[in-house]
Amino acid sequence: MIEFLKMHGLGNDFIIFDWRGRPQMNVPEVAARRLADRRLGIGCDQILIIRDSDRADIRMDILNHDGSPSGACGNGTRCVADLVMAASAQTFTKADQLTIETDGGLLRAWRADNGEIAVDMGPAKTDWHQVPLCREIDTLEVPLDIPEFEAAGLGHATCHSLGNPHAVIFVEDVESVDLARLGPLAEHSPLFPERVNLSVVSQMKDGAFRMRVWERGVGITMACGSGACAVGVAIARRGFGGSSNRITMDGGSVQIDWEQPEDVSQEASGDQGHVIMTGPVAHVARGTLSNDLASLLAGGDGGDSS
């Protein structure tokens, strides 16, 4: 019997498998696509796999909607952290923090005073080869050289990595951007050898920031944690705000705090201060895979599922 959980962070939703003690279990690409399909499977933006780790409390593997791996998923990290900490609290008197190994590095998560989940997403990496870009260029203002972007009057992107590559474009009105058309063009641009997550951002009259996001390997999502972190860093790097900002997405808001160096212009190393994201998570369902879905997984018998 193969169990799963469904959770979301601001509408950015996940199928979660807790496979600690089951190292043989894997999700092949064909299985990931089927599971993530909202008509033929369970439906999700990403699949998260909790595993044992000899470097942290747990390891988390991340698969996109199309089955491709991802190095970071901020909302997913917060969901998994909440799940594991809540289970640990049943055994230990105090279990309000957690370390998580990912392909993007070691992350630290904890339960904030308001009950929301915070995660240290690690340092923002701002050098061109860390994003990565295909050539040396100032990542503060990157010309995308995509005719459709120029025709839409969109300016240069600010690029950096938060465990995965991000491009942030500031616009007058995010609602007017045809993200469904422009997102794939940016994602698959030769400029980004590992593809890219695209966020468009507007500053509102009250000073707050509104963003919409296209995630590589997924498409438009209601929220993107690492994308919100990238936006928070871009706001500070471009001088549009301070290092602490509330970012509002289609699914809701998160708090982004960039613990940046005193002199942000000194970016010779490209390895800038850590980014902290705090926001809510929600549990949706717990269940078992059908025989049909379980049979697509690698390392499981699938025969006992219902």
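A few notes on this one:
- Note on segment 4-24: among residues that are crowded, with 17+ Cβ neighbours inside 10 Å and farther than 13 Å from R286 by Cα, the one that is farthest from the chain's Cα centre (by Cα) is W19.
- Exactly one residue out of I49, I62 is under 18 Å from the mean Cα position of the chain (by Cα), over 20 Å from I220 (Cα atoms) and not in a helix (DSSP H, G or I): that is I49.
- Among residues of segment 30-43, those that are part of a helix (DSSP H, G or I) and either surrounded by 13 or more Cβ atoms within 10 Å (Cβ to Cβ) or in contact with a Phe, Trp or Tyr (Cβ under 8 Å, 6 or more places away or on another chain) (or both), counted: 6
- Listed here are the strands (runs of 3 or more DSSP E) enclosed by segment 178-237 that have at least 1 residues being touching a residue at least 60 places away in the same chain (Cβ under 8 Å): 209-215, 219-221.
Each reported figure results from applying straightforward, stated rules to the coordinates on display, with no laboratory input. It should be emphasised that the depicted structure is a prediction, and the values quoted were computed from it without experimental measurement. Counting neighbours? That spans all protein chains shown, and the Cβs are built from the backbone with ideal geometry, glycine included.
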